[in-house]
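What follows is calculated from the coordinates using simple rules that are stated; it is not laboratory data. What you see is a predicted model; the values in this text were computed from it and never measured. Here the Cβ is made from the backbone with ideal geometry for all residues, glycine too, and neighbour counts use every protein chain on show.
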Amino acid sequence: MLKFTVLISALLLLAGCGAGTAQANYRHISQEEAASIMESESDYVILDVRTPEEFAAGHIPGAINVANETIGRTEIPELPQKDQKILVYCRSGHRSRLASGKLAALGYTNLLEFGGINTWTGPVVTD
């Protein structure tokens, strides 16, 4: 019985360690840092994870739209390079954190989550 308890405890510990791995593969940055990357670098993707309707109403110039709700366990054609720098945002920051975790679980390794467009002071365009 003791061996069984130790085994179950070890498995739960390992499962807990694995659960945090996805978050370790993305980093929260300030909107100022995101704007600086957009101004000074060129090899990045700006990812808006809001709904298509929210995206059409106004988004950061150059952003692509992949709604958080559509990110699951399958590959994302709009994001073919898993090591490319991806700047992730939504409306307030909640969905961008969820999406970043899901993207990390899919193997994306260079995720920078920077909150929501509600507090974005840079340019915004509409479709």
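Worth pointing out:
- Counted charge near Ile37, where neighbours are those whose Cβ lies closer than 13 Å (Asp, Glu -1; Lys, Arg +1): -4
- Using θ = phi - 60° and Karplus 6.51 cos²θ - 1.76 cosθ + 1.60, couplings along the stretch 114-127 (whole Hz; Gly, Pro as x): 10, x, x, 5, 4, 10, 6, 9, x, x, 9, 10, 10, 8
- Counted charge near Asn68, where neighbours are those whose Cβ lies closer than 9 Å (Asp, Glu -1; Lys, Arg +1): +2
- Inter-label distance, nm, simple model (7 Å from Cα along the C-beta direction), Tyr44/Val124: 2.0 nm
- Once backbone amide H atoms are built at 1.01 Å from N, Arg27 has Leu111, Leu112, Glu113 as its partners under 5 Å, excluding neighbours fewer than 5 places away on the same chain.
- Cα gyration tensor shape of the stretch 32-127, rounded if a/c is under 1.5, else prolate or oblate by comparing a/b with b/c: oblate
- Rounded, prolate or oblate (a/c below 1.5 giving rounded, otherwise prolate when a/b exceeds b/c) for the stretch 21-66 by Cα gyration tensor: oblate
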